[in-house]
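The values are calculated or read from the model by the stated rules, or taken from the named source; none is laboratory data. A quick note: this is a predicted structure, and the numbers were derived from the prediction, not measured. Cβ coordinates were reconstructed from backbone atoms using ideal geometry, including for glycine residues, and neighbour counts include every protein chain displayed. Accessible surface is based on the protein model in full, side chains and every heavy atom, while ligands, DNA and RNA are left aside. Shrake-Rupley method; radii C 1.70, N 1.55, O 1.52, S 1.80 Å.
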Amino acid sequence: MSGRLFLIAALVATAGCAGGDRTAAPSAADARAFLDRVNAAMLKLGVAQSQASWVAETFITDDTEAINARVTQEYSDAVAKFAKESVRFDKVDVPADERRQLNLLKLSLVMATPSDPKDAEELTKIAARLEAAYGKGKWCPDPSKPDACRNIDDITKLLATSRDEKAIRAAWEGWHTISPPMRKDYERFVELSNKGAKELGFADTGAMWRAKYDMPPDDFTKELDRLWAQVQPLYLKLHAYVRMKLHDKYGDVVPPAGPIPAHLLGNIWAQDWSNVYPLVAPANSDAGYSLTDILKQRHTTALDMVRTGEHFYTSLGFAPLPKTFWERSLFVRPRDRDVVCHASAWDIDLVSDVRIKMCIDQTAEDFSTIHHELGHNFYQRAYNQQPVLFRDSANDGFHEAIGDTIALSVTPEYLVRIGLLSKAPDASRDIGLLMTRALEKIAFLPFGLLIDQWRWQVFSGQVPPSAYNKAWWDLRLKYQGIAPPSARGEEFFDPGAKYHVPDNTPYTRYFLAAILQFQFHRALAKAAGCTGPLHRCSIYESKAAGERLNKMLSMGLSRPWPEALEALTGSKQMDATAILDYFAPLSAWLDQQLAGRKVGW
Ligand SMILES: [Zn+2]
């Protein structure tokens, strides 16, 4: 569900000193001319890159793949060149917003390749190999029968639906056979990417990632700890309750007072527990309706679903999506060709040519995903007046949070107002509604945090290669209270079985988005005048909430994120207490269920 973000398109930069042979010191006017050139070039190359990429993903052929690779390389090389060149202006006195643009150029890199061409080539090759190894990853229970191999889709489905502990365990272990071959490459990847980051002036690659958050890297780490401390007590209760129910179902495989086995939570990474809802559902408190069933009964088309999503945003005062959105987006899986169906939002010309690419099914999940993707599009259009380097979200967590914030307003009352539901369930159904949300949102929090905790320790050298797997499971135990179903020594490389590790995509943004969306929702609900329980508030049709939202969105990346946060919430500080407010009824209910039982592991 990631948005198609201009600056964070997995950029590769070649580090190194620039301008060594220049004699005259550059002036402020030189810096301005440089930024004008960069903004113009990035707009031109960025549009070409987005177009090539769009075609490659909506019409997969060898040729579109080759064209896309070529244009993407051109774009990445240009950004890398500009990032190097920007060092020339480090000591020039320039206006604050120009300084910010110069800094952002350096920070737009996810991986910095070292200046030594041999190292650079090796790193680029390793990165591509790791990504391909994940993409091709399959579990083959019987190597003599290649047709029986299972890909990630098969395994995801099995874990979501099966309640056969042995079968689930085999699938879990099976999927984790894809990553041991990545281990050597990953070790070298860490060495080389750190070398590049150091050349750019960062302590290591992890420090380079943390430098993107408008505060010293160590302060940012502390900030994450603070947010986690706010929500941890609620997570512990949810964990203890789910553990109790899974113990009832699976017996002693699930220890009544210890960590939960990683394979039994309905998801291969135990990051979303929605699929175990039937095992943990509170009695007599089911929501009483299924949006999926309603959409199917009404034969709601994909286009109708997107129109409904758009209508939510226009009800807040945003202008309707342009005609080109409807002409150029991809809403259903084409019959005649291969496409990448993974949902995404695009901003092709960085002005108004926004689109989504999805293969929509008539499900509640896709209904929610549409709102998520459109959030990216409305954000993109709101900041289109900014300089090109500022056409992005306040930090990477913000972009992911917007659509989810709107999806929190898809309440039963909202469904009644748009005529999809005849009557909203009464308050006696709240626990069911909240449990559904908690299994997705609360269960995710420690996972969203620990992926980069592991990587930061690996990049900094605190965790040596000889302890990669041990450190991984130590963190999963510490944060998630999860243990592997069988012993996992250093012959395994379990972090590699999660896409974002071999793909080298930073992950903290998803933790931030999970926190921010509730903080945004609480502030907007207040602006909308909602006085009921937070989880029943919808900002639908509130122009006041829309105005507040737009104030933040239109800032783009032009100001440090605390200021953008303040524009919407009135506070410069991220605050996870909105999550506690939202789930307060569930929290009280969990206390009753757990009376006298151990919480924690
Ligand atoms: Zn997204």
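Nearest 500 deg cm²/dmol is fine: what mean residue ellipticity at 222 nm does the chain get from its DSSP H runs of n ≥ 4 alone, each adding -39,500 (n - 2.57), divided by its residue count? Intermediate results must be reported in sequence, preceding the final value.
On the way: 23 runs with 329 residues, N = 601.
For the chain, the value works out to -17500 deg cm²/dmol.
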Item checked: Cβ-Cβ FRET estimate between His311 and Asp153, R0 fixed at 41 Å, reported to 0.05 -> 0.80
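Net charge near Gly546: determine it from the other residues with C-beta under 15 Å of the C-beta of Gly546, scoring Lys and Arg +1 and Asp and Glu -1. Write down the numbers at each step before the final one.
On the way: positive: Arg381, Lys526, Lys543, Arg548, Lys551; negative: Glu310, Glu541, Glu547.
Taking every Cβ under 15 Å from that of Gly546, the sum is +2.
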Notebook entry, point to check: Just how far, in whole angstrom, is region 269-295 from region 504-559 if you go by their alpha carbon centroids?
Noted result: 25
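Tell me which trypsin sites (Lys or Arg not before Pro) from region 404-467 have a DSSP coil assignment and no more than 12 other beta carbons within 10 Å of their own. Please report the intermediate quantities before stating the final value.
On the way: sites: Arg417, Lys423, Arg429, Arg437, Lys441, Arg455; in loops: Lys423.
Within region 404-467, the qualifying trypsin sites (Lys or Arg not before Pro) (loop, at most 12 other Cβ atoms within 10 Å) are Lys423.
Within the chain, what whole-number % of the accessible surface is contributed by carbon and sulfur, with the 1.4 Å probe and all protein chains included in the calculation? List each step's numbers first, then the result.
Details: 12760 of 24460 Å².
Whole-percent figure for carbon plus sulfur exposure: 52.
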Notebook entry, point to check: Could you name the lysines in cross-link range of Lys157, using Cα to Cα under 26 Å and dropping any fewer than eight places away on the same chain?
Noted result: Lys136, Lys138, Lys145, Lys166, Lys245, Lys249, Lys296, Lys357, Lys441, Lys498
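May I ask you to compute the full-extension gain from Lys470 to Ala229, defined as 0.36 nm times their residue separation minus their alpha-carbon distance, rounded to one decimal in nm? Write down the numbers at each step before the final one.
Working: separation 241, 0.36 × 241 = 86.76 nm, distance 2.38 nm.
Extending this stretch completely gives an extra 84.4 nm.
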Next item on the list: Taking 7 Å along the Cα-to-C-beta vector as the label spot, tell me the Asp338-Asp304 distance in nanometres, rounded to one decimal.
Entry: 3.4
Check: Residues of the chain: accessible area per residue at 1.4 Å, in Å²?
Finding: 41
Checklist line | Label-point separation in nm, Arg163 to Asp219, each point 7 Å along Cα→Cβ | finding: 5.2
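Can you give the Rg to Rh ratio for region 108-168, taking only C-alpha atoms and Rh from Kirkwood?
When Rh is taken as the Kirkwood radius, the ratio is 1.23.
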Item checked: Inter-site label distance for Glu563 and Ala66 at 7 Å from Cα along Cβ, in nm -> 4.8
Notebook entry, point to check: What do you get when you divide the Cα radius of gyration of the chain by 2.2 N^0.38 Å, with N the number of residues?
Noted result: 0.96
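Any chance you could run the full-extension gain for Asn384 through Tyr277? It's 0.36 nm times the residue separation minus the Cα-Cα distance, nm to one decimal. Numbers along the way, then the final one.
On the way: separation 107, 0.36 × 107 = 38.52 nm, distance 4.14 nm.
Here the answer is 34.4 nm.
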